[in-house]
């Protein structure tokens, strides 16, 4: 079995950006801005903050393009910048993970076997999105990083400077809270 080297389809465009080509920068922005905005919005939970994070992330990416080595896709590298800036934005807002002591023991036993499977509950995307935005910051961040961005609990723990068990606990509680919110919205 032959091994193939990874080649990013955006490599020529990235090279043009490194040379200061404004049209190439505009094209990169056009290709990635919507996805990066959505990633930021899922973490910050605030439209205006997500817009600010998006702009800061692209400025930072273009300024730091020399540090992009091409060993992963440009989109992955950019997404890491967006996620870090989104989390920093939350930290500036004094991100508070919901304390475990604030949870009722009875709530820990409710819905533990419930599924978030959209087919089982006939979820509507707009209502789910609103429910996710209503989650406390700590819940929303962990849920978004794990479920939507694909990070594992060890990576989330490292990013948020928490323990892996705290990440798992926050994710579990976020799922339960999301189900509760969904029921309140009639899902």
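Data table
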read-out: Answer from 3, 48 - the residue that is surrounded by fewer than 18 Cβ atoms within 10 Å (Cβ to Cβ), at pLDDT below 95 and part of a loop (DSSP other than H, G, I, E, B); value: 3
read-out: Elements of type helices (runs of 4 or more DSSP H) contained in the stretch 65-121, each with 2 or more residues being at pLDDT 50 or above, surrounded by 10 or more Cβ atoms within 10 Å (Cβ to Cβ) and in contact with a helix residue (DSSP H, G or I) (Cβ under 7 Å, 6 or more places away or on another chain); value: 74-92
read-out: Enumerated helices (runs of 4 or more DSSP H) restricted to the stretch 134-187, each holding at least 1 residues that are touching a residue at least 24 places away in the same chain (Cβ under 8 Å) and under 16 Å from residue 39 (Cα atoms); value: 137-143, 153-160
read-out: Scan of the stretch 6-19 for residues that are surrounded by fewer than 15 Cβ atoms within 10 Å (Cβ to Cβ), in contact with a helix residue (DSSP H, G or I) (Cβ under 9 Å, 6 or more places away or on another chain) and modelled with pLDDT of 90 or more, ordered by number; value: 12, 15, 18
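The values are calculated or read from the model by the stated rules, or taken from the named source; none is laboratory data. In this text, all values refer to a predicted model and were calculated from it rather than measured experimentally. Quick reminder, even Gly has a Cβ in these numbers, built from the backbone with ideal geometry, and neighbours come from all protein chains shown.
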